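Visitor: Please see the structure below; I have some questions.
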Amino acid sequence: MNTKMELLKKGLLKKGIRPTYIRLKVLDYLETNRNHPTAEAIYKSLVKEIPTISRTSVYNTLNFFHEKELINILFITGIEARFDSNISPHHHFLCGKCGRIIDLDIECNYFKKGNIRGHRIIELHGYFKGICKDCLKEGK
Ligand SMILES: [Zn+2]
Ligand SMILES: [Zn+2]
């Protein structure tokens, strides 16, 4: 096992999660591909390397990670769940042309305040939609 996998393994163990092979592979995929992939994209990539892997096990692993607060699920597109291993609070920008979901590193004062009009904030997801700078450049 390479060093990266060892680190992922240690991270899971620290959270009291048994580092099974599939869990490590799914987590590794999410850490390497920071483009907010769908479960289907993760499955299609992993099945090339692990022909015995099932769709269900990938979906179950993702749900399990979400339960354990290791990953976030984004519903920005409205039609499919996208997965994000970056769990620090950040907003997202969806490009209507190329479909990419880009992390927006912008400050939100409400998050620091911890509440809004007396309601306690636990999670905060800002969804921005438009045309990304690359698509604007290409004049698509
Ligand atoms: Zn774009
Ligand atoms: Zn993100």
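The values are calculated or read from the model by the stated rules, or taken from the named source; none is laboratory data. Values in this document were obtained by computation on a predicted structure and should not be read as measured data. Heads up, the Cβs are rebuilt from the backbone with ideal geometry, glycines too, and the neighbour counts pull from every protein chain shown.
Visitor: Which ones in the range 50-97 are outside any loop (DSSP other than H, G, I, E, B), under 10 Å from the mean Cα position of the chain (by Cα) and among the polar types (S, T, N, Q)?
Guide: Residue satisfying the conditions is N72 alone.
Visitor: When you go through E40, E80 one by one, which is the residue that is within 23 Å of F128 (Cα to Cα) and exposed (fewer than 14 other Cβ atoms within 10 Å of the Cβ)?
Guide: Sole residue among the options that is within 23 Å of F128 (Cα to Cα) and exposed (fewer than 14 other Cβ atoms within 10 Å of the Cβ): E80.
Visitor: Here is a further query. With the condition kept exactly as written, say whether any residue in the range 74-81 is modelled with pLDDT of 90 or more, more than 29 Å from L8 (Cβ to Cβ) and more than 10 Å from ligand 1 (Cβ to nearest atom). Let's see the steps before the verdict.
Guide: Going through the range 74-81, the residues modelled with pLDDT of 90 or more turn out to be 74-81.
Restricting the remaining residues to those that are more than 29 Å from L8 (Cβ to Cβ) gives 78-79.
Checking the rest, the ones that are also more than 10 Å from ligand 1 (Cβ to nearest atom) come to 78-79.
Yes, the conditions are met somewhere in the range 74-81.
Visitor: Only one of these is more than 30 Å from C135 (Cα to Cα) and not β-branched (V, I, T): N35, N63, N72, N86. Name it. Lay out the reasoning, then the answer.
Guide: On the way: N35 fails: more than 30 Å from C135 (Cα to Cα); N72 fails: more than 30 Å from C135 (Cα to Cα); N86 fails: more than 30 Å from C135 (Cα to Cα).
Checking each option against the conditions leaves just N63.
Visitor: So how many residues does the range 14-48 have that are assigned to a loop (DSSP other than H, G, I, E, B), under 16 Å from E67 (Cα atoms) and either touching a residue at least 12 places away in the same chain (Cβ under 8 Å) or hydroxyl-bearing (S, T, Y) (or both)? Let's see the steps before the verdict.
Guide: Just the residues of the range 14-48 that are assigned to a loop (DSSP other than H, G, I, E, B), to begin with: 15-20, 33-37.
Checking the rest, the ones that are also under 16 Å from E67 (Cα atoms) come to 15-19.
Imposing the further condition that a residue be either touching a residue at least 12 places away in the same chain (Cβ under 8 Å) or hydroxyl-bearing (S, T, Y) (or both) reduces the set to 15, 17.
So the answer is 2.
Visitor: Right, next: Can you name the residue in the range 98-140 that is in a strand (DSSP E or B) and charged (D, E, K, R) and is also surrounded by the most Cβ atoms within 10 Å (Cβ to Cβ) among such residues? Even if it seems obvious, please write down each step before you answer.
Guide: Filtering the range 98-140 for residues in a strand (DSSP E or B) gives 101-104, 115-116, 119-120, 127-130.
Next, from what is left, pick out any that are charged (D, E, K, R): 103, 120, 129.
On the way: D103: 15, R120: 7, K129: 11.
This residue is D103.
Visitor: Against the definition (crowded, with 17+ Cβ neighbours inside 10 Å and either more than 29 Å from C132 (Cα to Cα) or in the same structural domain as C132 (by TED's automatic domain parsing) (or both)), how does I50 come out, yes or no?
Guide: Values: crowded, with 17+ Cβ neighbours inside 10 Å: no; either more than 29 Å from C132 (Cα to Cα) or in the same structural domain as C132 (by TED's automatic domain parsing) (or both): yes.
No.
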